[in-house]
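Contents: one structure, followed by commentary.
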Amino acid sequence: MDVIMPQLGETVTEGVVTRWYKKVGDAVKADETLFDIETDKVSTEIPAPASGVLAEILVEEGVTAKVGARLAVIRESGQAAQSLDLAPVAPATISREPTSEAPPERRASLDAAGRLSPVVRKLVAEHGLDPGRISGTGRDGRITRDDVTAFIAGAAKSAVSAAPAAPAPAAIDATAASTTVPLNSVRKRVAENMLKSWTTVPHVLQVAEADFHRVEQARQALSAEWKSREGFALTYLPFIVRAVSIALAKFPRLNATFNGDSLTLHRRIHLGIAVDLGFEGLLVPVVKDVPNKSLPKIAKEINDLSNRARAGKLKPDELAEGTYTLTNNGAFGTVITAPIINQPQVAILSTDAIRKKPVVIEGPEGDSIAIRPVGVLAQTFDHRAVDGAYAAAFLRELKTIIETRHWAQDLQA
């Protein structure tokens, strides 16, 4: 069976094989980790597609492969005995012979540097490290990304413990030239996608305010119990995700992708949640089939996906098939954010800070003023796909759901 380079996200076309966990001739079991792939969006472990023996490795560590490329061959169970007789094929390497004058330490450094993958080479360069000082745990002693990060952490720890007193920080030279910071791979991909979307899509922003009083009541009633049981806080986001899924079912032209001269309406509602990676870029893991999930399940899934996104532990299919995206900047106190559409989707919603405000309450005995938690719902839509009236009607429906739904009952589901 051929081992194929998987699709790691909708816009990803290639990835770097950073580590093989097996050598040619080793037995493998279906679903055990076979190799690691790193792209500009995610670093992930890829399982073996079948049980058998690893007969060939066609793409070595550090090599970039296109989606769909053959990476290796597994001889399945019935052919395992035969495949064990295959002689392992030595991986192709680039020889970098040091000069005879180079001291042993320099030769070690050159040899290590010659076998670095592009990802590891970049990380070493960014931190100004000598690869000869880093012990490699990869196949044939290759240095992996984990080796570099462990070396950096160890060096920092040693420096702290060895210094009797921390020196005063160097004064910043106000006259010094500007510092140039290279973009990491995730930042580059975000930049490319945002530029493409902004220059090809006619963006329109619409904003509505929603009273989160009912949501807040449900949260406060169960927040302590929830955090004690689940281990994380119950935020507004799962309620908004649930409300968006209900509203999209009534406005399917926003749960769609634009295809030049046609619009594909998706029956299933898969909501992408933008996750910040420590100010170094964004990933958009996808909560799939949201209408079929309870509010507690949505909250747990969002928390799990967000944590694994920041830890680089997402699976390829968890970044794929999104039909609508939400970005949540409220934790930073923003008032209104005009988000850029995640192509080829046709709309994206930003949820900003929810603040207490005076609100006019209409009642049978006249109007009154109450202090309520009010949040802004800012939706950017593709004017090629829908017009302003349709998008505004969706926002009105979303606002109504947030303000009138019996959210306490949803939490008990």
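The values are calculated or read from the model by the stated rules, or taken from the named source; none is laboratory data. Note that this is a predicted model, so its numbers are computed, not measured. Positions of Cβ are backbone-derived with ideal geometry, glycine not excepted, and every protein chain shown enters the neighbour counts.
A few comments on the model shown:
- Picking from residues in segment 362-411 that are in a helix (DSSP H, G or I) and among the basic types (K, R), the one that is surrounded by the most Cβ atoms within 10 Å (Cβ to Cβ) is K399.
- Output for segment 127-144, where each listed residue is in a helix (DSSP H, G or I) and at pLDDT 75 or above: P131, G132, R133
- Against the numbered list (1) small (G, A, S); (2) in contact with a Leu (Cβ under 8 Å, 6 or more places away or on another chain); (3) over 24 Å from S306 (Cβ atoms), A338 comes up short only at (3).
- Unmet requirement for N307, which otherwise passes all of (1) in contact (Cβ under 8 Å) with a residue 24 or more places away in the chain; (2) within 10 Å of the chain's Cα centre (by Cα): (1)
- Checking each residue in segment 186-198 for being free of Cβ contacts under 8 Å to residues at least 60 places away in the same chain and either under 20 Å from L254 (Cα atoms) or basic (K, R) (or both) picks out no residue at all.
- Within segment 164-282, helices (runs of 4 or more DSSP H) holding 2 or more residues that are modelled with pLDDT under 95, assigned by TED's automatic domain parsing to the domain that holds L377 and under 25 Å from the mean Cα position of the chain (by Cα): 185-200, 213-230
- Yes/no for E301 being in a helix (DSSP H, G or I), in the same structural domain as A393 (by TED's automatic domain parsing) and over 27 Å from V376 (Cβ atoms): no
- Qualifying residue in segment 359-381 (condition: within 24 Å of L282 (Cβ to Cβ) and of a type in the set (D, E)): no
- Matching residues in segment 17-48 - criterion: being closer than 14 Å to P316 by Cβ, modelled with pLDDT under 90 and not hydroxyl-bearing (S, T, Y): D36, I37, E38, D40, K41, V42, E45, I46, P47
- Some residue of segment 145-152 being outside the structural domain of D276 (by TED's automatic domain parsing), assigned to a loop (DSSP other than H, G, I, E, B) and at pLDDT below 70: no
- Selection within segment 225-280 - under 23 Å from P296 (Cα atoms) and among the aromatic types (F, W, Y): W226, F232, Y236, F239
- Qualifying residue in segment 276-284 (condition: closer than 24 Å to A391 by Cα and of a type outside the set (G, A, S)): yes
- Cross-chain or 6+ apart pairs with Cβ under 6 Å, segment 353-366 first and farther than 27 Å from A338 by Cα, then surrounded by 10 or more Cβ atoms within 10 Å (Cβ to Cβ) and among the small types (G, A, S): I361/S368; I361/A370
- Scanning segment 250-257 finds one or more residues that are among the aliphatic types (A, V, I, L, M), in contact with a helix residue (DSSP H, G or I) (Cβ under 9 Å, 6 or more places away or on another chain) and crowded, with 23+ Cβ neighbours inside 10 Å.
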